[in-house]
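The values are calculated or read from the model by the stated rules, or taken from the named source; none is laboratory data. What you are looking at is a predicted structure, and each value in this text was computed from that prediction instead of being measured. FYI the Cβ positions are ideal-geometry reconstructions off the backbone, even for glycines, and counts take in every protein chain you see. What goes into the accessible areas is simple: the full protein's heavy atoms, side chains included, and nothing from ligands, DNA or RNA. Shrake-Rupley method; radii C 1.70, N 1.55, O 1.52, S 1.80 Å.
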Amino acid sequence: MDFEPSSEQRMLIDQVRRFVREEIIPLEARLDPDASELAPDDHARLVEKTKAMGLYGIDIPVEFGGPDIDLVTRTLLAIEMAQHRAGLYAPCYGVFGGAGLAQLFEANDDQKERYLYPTLRGEKKAFFGLTEPSGGSDPARAIRTRAERKDNGWVLNGAKIFISGADRAQYGIVFARTDASKGRGGITCFIIDSGTPGFHVRRVVHTLRSSSYATELEFKDCWVSDHQVLGEVNKGFAVANDRLTRQRIPYAAGCIGVAIAAHEMAVEWSKMRETFGARLSDRQAVQWMLVDNEIDIRTARHFTLEAAEKARRGLPFRTEAAIAKLTASEGGGRVVDRSMQIHGGMGMTKDLPLERWYREMRIRRVGEGPSEVQRMLIAREILGTSAR
Ligand SMILES: Cc1cc2nc3c(=O)[nH]c(=O)nc-3n(C[C@H](O)[C@H](O)[C@H](O)COP(=O)(O)OP(=O)(O)OC[C@H]3O[C@@H](n4cnc5c(N)ncnc54)[C@H](O)[C@@H]3O)c2cc1C
């Protein structure tokens with residue numbers, strides 16, 4: 001497959017690149033190095049600009065009002081959007097809008113009115129509640145949160161952990177076991193409003209990323225009506241799985257964007273910095289780090305675009321998405337690490353974005369399915385075995 005951008009793609013890429021360099025990076029110079037949000041005025045001003053560019057709602061499917069951009073082009077743009085300090089988890093601080101929880105496209109009309117459309121308009125935030133203290137790599141078996149039938153609805157009891165942004169969300173998608181006798185065929189997906197009695201954000205879990213990101217949730221006799229079931233009862237696991245597979249492509253794209261930015265910084269620095277009477281770029285030890293960076297970036301870019309292209313064509317892309325996620329998160333982490341090394345002490349400071357990328361990239365070898373689980377998925381394809 002040839003992934004050389006077409007002239008149309010090139011135009012969009014250049015537009016987004018200019019936006020990141022002219023609008024986002026200068027604002028970051030005035031922000032706290034760990035900030036994930038812009039001042040409300042700046043955010044509103046930049047949203048107007050992305051709307052004028054015709055690129056607002058970049059992840060939103062056309063039928064829900066997003067721009068008519070195919071998945072390969074979206075991936076190329078996601079790579080550009082990540083090329084700034086907060087780019088890995090807050091690409092362009094959300095000013096390009098986004099689909100949020102993709103599962104909501106499967107919602108019924110009433111749920112779309114109450115949850116999907118306000119989210120697409122940026123009026124509501126949501127969380128994705130799958131992982132539990134009993135495990136996240138194998139959620140089908142690990143889910144212990146129970147939902148039992150009561151009064152034309154369901155009563156939830158249990159806990160979730162590492163749930164991103166639930167403390168700031170108005171609602172979330174929560175997976176619970178509705179049939180204990182079945183494995184993945186006994187899980188249902190619920191939409192839970194944050195104010196529902198019996199639902200609590202128990203605490204913020206401090207991670208490498210920042211002090212207020214992941215959360216621990218508790219459900220104690222939390223009653224929700226049948227209207228809150230997303231999709232069909234006992235078919236929730238397919239909803240989770242579909243989301244996780246698709247999500248791996250933009251997830252990989254973010255890693256590639258950050259790796260490109262780190263590598264560019266390392267190249268520039270190596271040409272300027274002198275030690276022992278010569279520039280770093282003259283040292284073979286440094287050149288080889290740059291070569292390895294280049295290879296890691298090209299590898300991840302190729303596999304991620306391959307996954308996007310297969311998904312775009314409607315072909316199976318589960319293995320390709322796993323390869324993309326694996327090569328981009330592991331390779332991207334190595335690129336950031338080498339780029340820090342080339343910067344010496346400066347690489348360790350918060351004056352540069354490298355240390356933030358280093359911490360955040362580390363999470364990506366665990367989040368959305370650890371590297372070992374991606375390898376397991378790829379091994380199944382090679383060996384022709386199916387999920388147990
Ligand atoms: C910052 C952050 C944000 C997160 N946000 C969310 C969120 O919004 N929503 C959500 O639902 N979850 C979220 N998660 C959870 C994340 O998806 C899980 O941490 C991840 O899926 C791994 O689950 P676990 O931590 O329970 O590890 P476990 O499942 O206990 O696995 C532990 C380790 O064992 C190894 N392992 C597991 N299975 C295998 C295998 N088959 N073969 C070989 N080795 C294996 C891997 O190295 C793995 O890292 C977040 C996590 C973090 C750190």
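The table that follows gives values for the structure above.
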| quantity | calculated |
| --- | --- |
| Carbon + sulfur, % of accessible area of region 199-306 - ligands and nucleic acids excluded, 1.4 Å | 54 |
| Spherically averaged projected area in nm², based on the convex hull that wraps the Cα atoms of the chain | 20.2 |
| Three-way shape call for region 197-271 based on the alpha-carbon gyration tensor, with the a/c threshold at 1.5 | oblate |
| Farthest toward positive dipole pole in region 219-276 [+1 Lys/Arg, -1 Asp/Glu at C-beta], among ASN241, TRP269, VAL229 | TRP269 |
| In degrees, nearest ten, helix 236-272 long axis to first principal axis of the chain (Cα) | 20 |
| Where region 1-159 is the region considered: accessible area per residue in Å², 1.4 Å probe | 49 |
| Region 93-171: C-alpha gyration tensor shape, a/c 1.5 cut-off, then a/b vs b/c | oblate |
| Trypsin sites (Lys or Arg not before Pro) within region 1-97: DSSP coil, no more than 11 neighbouring Cβ in 10 Å | ARG30 |
| Selected from SER281, THR73, PRO118, residue furthest toward positive end of dipole (the chain; charges at beta carbon) | SER281 |
| Average silhouette area of region 1-53, convex hull of alpha-carbon atoms, in square nanometres | 5.1 |
| Share of alpha-carbon pairs per 10 Å distance bin for region 45-123, given as whole % | 18, 50, 28, 4 |
| Simple Cβ-charge dipole of region 233-340, Lys/Arg +1 and Asp/Glu -1, about Cα centre, in debye nearest 20 | 500 |
| Inter-centroid distance (Cα atoms) of region 101-148 relative to region 234-311, Å | 30 |
| Straight-distance crosslink candidates among lysines, where the alpha carbon sits under 25 Å from LYS51 and sequence neighbours closer than 8 are dropped | LYS112, LYS124, LYS125 |
| Globularity ratio of region 195-324, using Cα Rg and 2.2 N^0.38 Å | 1.62 |
| Net dipole in debye of region 149-235 [+1 Lys, Arg Cβ; -1 Asp, Glu Cβ; about Cα centre; nearest 20] | 300 |
| Cβ-derived FRET efficiency at R0 51 Å, ASP179 paired with GLN287, nearest 0.05 | 0.30 |
| Pairs of Cα atoms farther than 21 Å apart, region 251-388, % | 47 |
| Cross-link reach list, lysines versus LYS271, counting only Cα pairs under 17 Å and skipping chain neighbours closer than eight places | none |
| Gain on full stretching of the segment that runs from ARG45 to HIS302 - 0.36 nm per residue minus C-alpha separation | 89.1 nm |
| Accessible solvent surface per residue of region 221-292, calculated while the other protein chains remain in place, 1.4 angstrom probe, Å² | 50 |
| Dipole in debye (nearest 20) - the chain, about Cα centre, beta carbon charges: Lys, Arg +1; Asp, Glu -1 | 920 |
| Gyration tensor (Cα) of region 230-303, equivalent ellipsoid semi-axes in angstrom | 43, 10, 7 |
